[in-house]
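Peer 1: Please read through the structure below; I'll follow up with questions.
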Amino acid sequence: MARGLFSRAWLSKTYHFQARLSYIRVKYLFLTWLAVFVSSWVVYVQYSTYSELCRGRECKSIICEKYSKGIIDGSACSSLCEESSLYFGRCLSTKPNNQVYTGSWGDHDGVIKCHLTDILHYELGDELEPKKEVALFDKPTRGTSVEKFKEMVASHLKAKVGEQANLSSLVSLIFSLADSNKDGHISLPEAKSAWALLQLNEVLLAVVLQDREHTPRLLGFCGDLYVVERVPHTPLYGLSLPWPMELWIPTGMRRNMEQWFTPSWPRKAKIFIGLLELIEDIFHGTFGSFLMCDMRASTFGYTNRHDLRLVDGRRVVAEEAFKQAMILQRCEDDKDCIYGVDCRTSCNHVEHRCKAEVAQPNLARACGALKDYLLRGAPVHLQKELEKQLFACMALKGSAEQMEMEHSLILNNLKTLLWKQISHTNDS
Ligand SMILES: Nc1ncnc2c1ncn2[C@@H]1O[C@H](COP(=O)(O)OP(=O)(O)OP(=O)(O)O)[C@@H](O)[C@H]1O
Ligand SMILES: [Mg+2]
């Protein structure tokens with residue numbers, strides 16, 4: 001009897017054990033399947049995004065084909081297409097039509113930038129760069145004399161930067177850039193490449209500011225592909241999350257996290273002084289004023305010595321070109337009158353056209369964008385004064401010319417206040 005009971009108990013125990021085992025097995029099987037499913041989905045999404053975003057090979061083959069046919073020429077062409085001494089490294093692109101790669105070229109650490117124009121993801125406000133014209137390399141046409149090309153360049157520049165007394169020296173700068181083999185004359189392929197490059201805001205700015213220090217130096221070009229110096233630290237925050245993580249972390253939390261990864265305060269102050277200097281350079285600069293229409297932290301980087309560099313100049317436009325483009329823009333509301341990320345004008349409700357004058361100067365938008373960056377971690381005795389000056393700066397309205405005195409006063413005060421704090425530290 002006892003034996004019967006025992007064996008029944010044992011049987012039921014085994015049964016329970018087996019049932020439990022198969023339940024655990026199913027559970028683990030399911031979890032394994034889920035893990036495999038999720039990870040292959042992540043890999044698939046990563047891969048498809050990568051292959052959409054990173055098309056450096058295509059960029060290279062398009063450019064090199066044009067080079068081999070003799071349509072374009074430039075200082076980077078033979079390194080890129082014949083000697084293979086200019087390599088495409090890590091893909092940094094975040095948009096498919098704007099290819100950005102780290103590149104190495106001899107001793108230089110560079111960044112290669114190339115435009116793929118077949119994908120027409122036009123963004124609102126990017127129409128100041130006529131992309132179609134760039135890729136075709138149809139200008140200047142065969143038979144155009146150097147004099148005629150000079151006129152073309154001059155009138156293009158005049159439309160961009162307005163009537164400037166020293167326009168001819170800007171034309172000369174462009175010509176010395178275009179003469180990539182330095183043989184003293186501009187061939188048709190060189191002229192075509194120079195014309196294509198000239199349409200790009202970033203290149204124009206690099207030429208205009210070539211003897212200043214806040215834009216990366218242009219190292220070379222081939223057609224409308226160009227190579228600039230690599231800036232070691234981007235963005236302004238030390239933190240740059242891989243995009244799958246960015247999707248998961250809410251914006252508010254991300255903004256907070258970014259503030260944890262910033263350099264020490266004196267270094268941030270030095271970086272901000274760099275931004276103030278850049279603003280000074282392009283306000284009534286040698287070739288007119290420019291508007292920086294993207295003040296997001298991703299636009300800037302800094303060197304190992306904490307000197308600010310502008311890494312994305314695509315939304316820095318000559319003020320004259322900005323005005324001309326804005327008055328042509330139709331609008332129902334003020335929000336239709338935005339260029340880039342943060343250059344706004346207002347809407348003329350009678351004529352349904354945007355007004356020409358920018359609502360806030362570069363300085364005010366820069367103070368607004370970097371207020372938290374600069375205030376966090378600031379020495380206690382400085383907090384109040386710094387905050388006061390930053391708010392005064394953010395309150396500046398209209399274009400810089402309209403309140404020149406106040407603009408320079410605020411800029412200089414901020415610079416002096418920050419310099420005084422850091423001039424005795426190693427970081428200056
Ligand atoms: N000279 C440079 N040195 C180092 N990094 C650079 C340089 N130029 C660009 N980058 C980096 O390349 C990446 C892509 O730059 P890009 O400005 O083209 O795209 P984005 O800012 O991510 O997108 P978008 O400006 O269209 O919103 C950015 O992370 C930027 O920091
Ligand atoms: Mg950018």
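The values are calculated or read from the model by the stated rules, or taken from the named source; none is laboratory data. Being a predicted model, the structure only gives us computed values, none of them experimental. Quick reminder, even Gly has a Cβ in these numbers, built from the backbone with ideal geometry, and neighbours come from all protein chains shown. Each accessible area value is taken on the protein alone, full model and side chains, heavy atoms only, with ligands, DNA and RNA left out. Shrake-Rupley method; radii C 1.70, N 1.55, O 1.52, S 1.80 Å.
Peer 1: Identify all residues within the range 170-180 that are within 17 Å of K148 (Cα to Cα), open to solvent by less than 50 Å² (accessible area, probe 1.4 Å) and small (G, A, S); write none if there are none.
Peer 2: Answer for the range 170-180, where residues must be within 17 Å of K148 (Cα to Cα), open to solvent by less than 50 Å² (accessible area, probe 1.4 Å) and small (G, A, S): just A178.
Peer 1: OK, next. Residues that are touching a residue at least 60 places away in the same chain (Cβ under 8 Å) and either within 16 Å of ligand 1 (Cβ to nearest atom) or more than 22 Å from K397 (Cα to Cα) (or both), at least 3 per element: which strands (runs of 3 or more DSSP E) completely within the range 289-348 meet that?
Peer 2: 300-302, 308-310
Matching residues to (1) exposed (fewer than 13 other Cβ atoms within 10 Å of the Cβ); (2) touching a residue at least 12 places away in the same chain (Cβ under 8 Å):
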| position | (1), (2) |
| --- | --- |
| K158 | no, no |
| K182 | yes, no |
| L197 | no, yes |
| L200 | no, yes |
| R212 | no, yes |
| L219 | no, yes |
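Peer 1: May I ask you to say which residue of I279, I271 is in a helix (DSSP H, G or I), aliphatic (A, V, I, L, M), within 16 Å of ligand 1 (Cβ to nearest atom) and within 24 Å of L417 (Cβ to Cβ)?
Peer 2: Only one candidate passes the filter, namely I271.
Peer 1: Looking at the range 180-194, can you tell me whether even one residue there is β-branched (V, I, T), outside the structural domain of A325 (by TED's automatic domain parsing) and at pLDDT below 95?
Peer 2: The answer is yes, given that some residue of the range 180-194 is β-branched (V, I, T), outside the structural domain of A325 (by TED's automatic domain parsing) and at pLDDT below 95.
Peer 1: Which of the following residues is open to solvent by less than 60 Å² (accessible area, probe 1.4 Å), among the hydroxyl-bearing types (S, T, Y) and modelled with pLDDT of 90 or more: S79, S84?
Peer 2: S79
Peer 1: If you check Y50 against the conditions, is it of a type in the set (F, W, Y) and under 30 Å from K95 (Cα atoms)?
Peer 2: yes
Peer 1: Another question, then. Can D307 be described as at pLDDT below 95, closer than 12 Å to H214 by Cβ and open to solvent by 20 Å² or more (accessible area, probe 1.4 Å)?
Peer 2: Criteria not met by D307.
Peer 1: Here's something else I'd like to know. For Q360, only one of the following conditions fails: (1) closer than 19 Å to R267 by Cβ; (2) assigned to a loop (DSSP other than H, G, I, E, B). What is its number?
Peer 2: Going through the list (1) closer than 19 Å to R267 by Cβ; (2) assigned to a loop (DSSP other than H, G, I, E, B), Q360 breaks only (1).
Peer 1: Being surrounded by 20 or more Cβ atoms within 10 Å (Cβ to Cβ), outside the structural domain of L167 (by TED's automatic domain parsing) and more than 16 Å from ligand 2 (Cβ to nearest atom) is true for just one of T299, T345. Which residue is that?
Peer 2: The conditions single out T345.
Peer 1: Which one of A366, A392 is over 30 Å from C114 (Cβ atoms), touching a residue at least 12 places away in the same chain (Cβ under 8 Å) and assigned by TED's automatic domain parsing to the domain that holds K268?
Peer 2: That would be A392, the only listed residue that is over 30 Å from C114 (Cβ atoms), touching a residue at least 12 places away in the same chain (Cβ under 8 Å) and assigned by TED's automatic domain parsing to the domain that holds K268.
Peer 1: Also, quick follow-up: Which one is farthest from L177 (Cα to Cα), of the residues in the range 65-115 that are assigned to a helix (DSSP H, G or I) and touching a strand residue (DSSP E or B) at 6+ places or on another chain (Cβ under 8 Å)?
Peer 2: The extreme case among them is C81.
Condition check ((1) β-branched (V, I, T); (2) within 11 Å of ligand 2 (Cβ to nearest atom); (3) over 16 Å from E202 (Cα atoms)) across all residues:
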position	(1), (2), (3)
L275	no, no, yes
L291	no, no, no
D294	no, yes, no
H306	no, no, yes
A318	no, no, no
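Peer 1: Scanning the range 114-125 for residues that are open to solvent by less than 20 Å² (accessible area, probe 1.4 Å) and within 12 Å of ligand 1 (Cβ to nearest atom), which turns out modelled with the highest pLDDT?
Peer 2: C114
Peer 1: Is one or more of the residues making up the range 145-156 in a loop (DSSP other than H, G, I, E, B) and buried (at least 16 other Cβ atoms within 10 Å of the Cβ)?
Peer 2: no
Peer 1: Of everything in the range 271-284 that's open to solvent by 20 Å² or more (accessible area, probe 1.4 Å) and farther than 11 Å from L363 by Cα, which residue is nearest to the chain's Cα centre (by Cα)?
Peer 2: Filtering the range 271-284 for residues that are open to solvent by 20 Å² or more (accessible area, probe 1.4 Å) and farther than 11 Å from L363 by Cα, the one nearest to the chain's Cα centre (by Cα) comes out as D281.
Peer 1: Assess whether P232 counts as being within 15 Å of ligand 1 (Cβ to nearest atom) and open to solvent by 70 Å² or more (accessible area, probe 1.4 Å).
Peer 2: yes
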